[in-house]
Amino acid sequence: MPANRFNAFTDHGIGIGLRIPHYAHIFEKKPVVDWFEIISENYMVDGGRPLATLDRILEQYRVVQHGVSMYFGSAERLNREHLRRLKTLVKRTKTPWLSDHLCWGSVDGTYSHDLLPMPYTFEAAKITARNIRDARDYLEVPIAVENVSSYAEFHLSEMTEWEFLNEVVERADCGILLDVNNIYVSSKNHDFDPYQYLNSVPAERVAQIHIAGHSKFKKYVLDTHDHPVIDPVWKMYEHAIKRIGPTATLLEWDDKIPSFDEVHAEARKAEKYIHAPALVAL
Amino acid sequence: MTLLEVQRRMAHAILQPLTGSDRIGPKTDAEFIKPNDRLTAAERLEIYSRSYWFRVLDSLYDDFPGLRAVLGDRTFHRLSRAYLTECPSQSFTLRNLGSRLEDWLRRNPKFAGSRHALALDMARLEWAHIEAFDNAAEKVLGPEDLLELGPRFRVRLQPYIRLLALQYPVDDLRIQVNRASDERGAASNAALKQRHRDMTKRVSSSKSEQIFLAVHRLDFTVYYRRINAEEYRLLSALSDGKPIAKAIRRAFEDSSASTEQQRSMLEKWFAVWAELGWLCPPARRKQG
């Protein structure tokens, strides 16, 4: 039974990110994994080893696509060539939903390859929602938009980040990929209460959850995906699951990647929380 | 200020080169960013700027190990910063970051000094390597198709094949660089230093020698196959869409090979190309 209308994939359970250092282990040991999340851009090529490897994974596992460069928040229209390549990949993976970030990263044809923060304005919300709708219409697959970690805020902003997220997803009528670690990181960098954020997210739109580790510096926290998940983030995850209900959850580990078994064990810690009874009143 | 204006201001701020000590420029426009009690507006932008520069520099560093060996790490770093300042990424993927490096280096010889020609050849080879790795593979012409080849027949090369005419044998150098990199994990510091000295010596002693290469892949691994001038010219002509008879004429234009030798070479080449799956049917013309 789906927890909500954007979360028809409750049975997906706990996934992990598919990363190159784990390929050999996966093909040799064939571990039981609920699903793998792939970075779409790594496979938006015309041929060669990346696609051959992906095809081998698809023979045995469920795969969900996660993008890093669609840039829904770009002031400009989405890149048509990017969408064309993405659609080719969507047909190959048959991803049940597709996610990318609530951010921008390119302007006037120049790319930063980063997830840059949005000014939280009504104009930005309107443009971002238009881009999400354009992508959904072209790709013909449900879309979930992910909140990012941020290190800067704009004088121009007219609302909080969670109000902006709500404004965008309502206008686009899309799902949310709720990154609990990103909320934690941004709450440290911008001094807000992460539980206020969590409690403001429309639970009925959350299609997927991300958890990850981060790095703490003297004056800010950086979203590095190179550590285990810390306890305060697990507590936030527990709280989120209680509000939202069982939701496909993925552990991100992208740098200083340990063995497959270590990453998998870290992800499976989520089992302790994922089937917790949901709160009646949201 | 519109969204587009904000994004242009922020992109301009974070894409400008970092200072020598990897800090954001002191005159950076950061007025549109809010400071907090720990970081100024410029320091907040600096997090993004450093992240941008480290990411693109790392990407170029990983993609051009041979060019690094030719120039040395410090010169390569200087070149990378200058190149990326003038030619920032114009693609959604970092794979394409080095696509303009050869052209840029041709226009900016001072960044390679006395090793300019060697550096250019290495940059060409390493970009060809990237393309050979993941460009498309199309349907292969089978032996039965090859039996029917006539003089007017056209064929195409696999999109992943790159043909290079080079002034230096950079293929050997690149293979040695790869080997050194593979062995790095297991080697002691002393052994690593010795290898670095060997590599520097090898680069310094590289002598000019015209070679022809087909950069291709087999079983998802990229290979550099040395070919002779006639085979290079024939493959280039086929790749340009010339009919087979015309391509063969071009291949042997300045050749001293006898007719018998030419026939023998052609038989051998077509057999090898068939075995490697290099030839594809001609592209279909669009109707209407």
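FYI, it's all coordinate maths here, none of it is from the lab. Note that this is a predicted model, so its numbers are computed, not measured. Note that we place each Cβ from the backbone using ideal geometry, even for glycine, and neighbour counts take in every protein chain shown.
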Open item on the list: Looking at residue B:52 and the list (1) away from every other protein chain (no Cβ under 11 Å); (2) of a type outside the set (D, E, K, R); (3) part of a helix (DSSP H, G or I), which single condition is not satisfied?
Closed with: (1)
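Do you know which residues across region A:80-101 are more than 9 Å from every other protein chain (Cβ to nearest Cβ) and within 26 Å of residue B:16 (Cβ to Cβ)?
Taking region A:80-101 and keeping what is more than 9 Å from every other protein chain (Cβ to nearest Cβ), we get A:80, A:83-84, A:86-101.
The answer is A:101, and nothing else.
Of all residues in region B:1-30, count the ones that are at the interface with chain A (Cβ under 8 Å from one of its Cβ atoms) and either among the aromatic types (Phe, Trp, Tyr) or not in a helix (DSSP H, G or I) (or both). Before the answer, list the steps.
Of all residues in region B:1-30, those at the interface with chain A (Cβ under 8 Å from one of its Cβ atoms) come to B:1-4, B:6-8, B:10-11, B:14-15.
Then keep just the ones that are either among the aromatic types (Phe, Trp, Tyr) or not in a helix (DSSP H, G or I) (or both); that gives B:1-2.
Going through region B:1-30 one residue at a time, the tally reaches 2.
Mind telling me which of the residues B:67, B:45, B:15 ends up being in contact (Cβ under 8 Å) with a residue 24 or more places away in the chain, among the aliphatic types (A, V, I, L, M) and under 16 Å from residue B:126 (Cβ atoms)? Let's see the steps before the verdict.
Numbers: B:45 fails: under 16 Å from residue B:126 (Cβ atoms); B:15 fails: under 16 Å from residue B:126 (Cβ atoms).
Being in contact (Cβ under 8 Å) with a residue 24 or more places away in the chain, among the aliphatic types (A, V, I, L, M) and under 16 Å from residue B:126 (Cβ atoms) holds for just one of B:67, B:45, B:15, which is B:67.
Could you please find all residues in region A:40-66 being within 11 Å of another protein chain (Cβ to nearest Cβ) and assigned to a loop (DSSP other than H, G, I, E, B)? Break it down into steps so the answer makes sense when it comes.
Taking region A:40-66 as the starting set, the residues that turn out to be within 11 Å of another protein chain (Cβ to nearest Cβ) are A:40-53.
If the condition is that a residue be within 11 Å of another protein chain (Cβ to nearest Cβ) and assigned to a loop (DSSP other than H, G, I, E, B), then A:44, A:45, A:46, A:47, A:48 are the ones that fit.
Please pick out the residue among A:74, A:112, A:69 that is assigned to a loop (DSSP other than H, G, I, E, B) and more than 14 Å from the chain's Cα centre (by Cα).
Values: A:112 fails: assigned to a loop (DSSP other than H, G, I, E, B); A:69 fails: more than 14 Å from the chain's Cα centre (by Cα).
Step by step, each of A:74, A:112, A:69 is checked, and only A:74 is assigned to a loop (DSSP other than H, G, I, E, B) and more than 14 Å from the chain's Cα centre (by Cα).
Tell me which residues, restricted to region A:127-155, are among the charged types (D, E, K, R), within 14 Å of chain B (Cβ to nearest Cβ) and not in a helix (DSSP H, G or I). Outline the logic, then answer.
Of region A:127-155, the ones among the charged types (D, E, K, R) are A:130, A:133-134, A:136-137, A:140, A:146, A:153.
So of that shortlist, the ones also within 14 Å of chain B (Cβ to nearest Cβ) come out as A:130, A:153.
The answer is A:153, and nothing else.
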Task: Selected residue (criterion: farthest from the other protein chains (Cβ to nearest Cβ)) from residues of region A:202-220 that are out of contact with any Leu (no Cβ under 6 Å at 6 or more places or on another chain) and without any contact (Cβ under 8 Å) to a residue 40 or more places away in the chain - done: A:202
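What number of residues in region A:166-186 are in contact with a Pro (Cβ under 9 Å, 6 or more places away or on another chain) and crowded, with 21+ Cβ neighbours inside 10 Å? Can you show your working first?
Within region A:166-186, the subset in contact with a Pro (Cβ under 9 Å, 6 or more places away or on another chain) is A:166, A:169-170, A:174-176, A:180, A:183-184, A:186.
Of the ones still in play, those that are also crowded, with 21+ Cβ neighbours inside 10 Å are A:169, A:174-176, A:180, A:183-184, A:186.
Residues meeting the conditions: 8.
For residue A:37, indicate whether it is without any contact (Cβ under 8 Å) to a residue 24 or more places away in the chain, away from chain B (no Cβ under 12 Å) and charged (D, E, K, R).
Values: without any contact (Cβ under 8 Å) to a residue 24 or more places away in the chain: no; away from chain B (no Cβ under 12 Å): yes; charged (D, E, K, R): yes.
No.
From the list B:138, B:131, which one is part of a helix (DSSP H, G or I), under 30 Å from residue B:243 (Cβ atoms) and either free of Cβ contacts under 8 Å to residues at least 12 places away in the same chain or out of contact with any Phe, Trp or Tyr (no Cβ under 6 Å at 6 or more places or on another chain) (or both)?
On the way: B:138 fails: part of a helix (DSSP H, G or I).
The unique qualifying residue is B:131.
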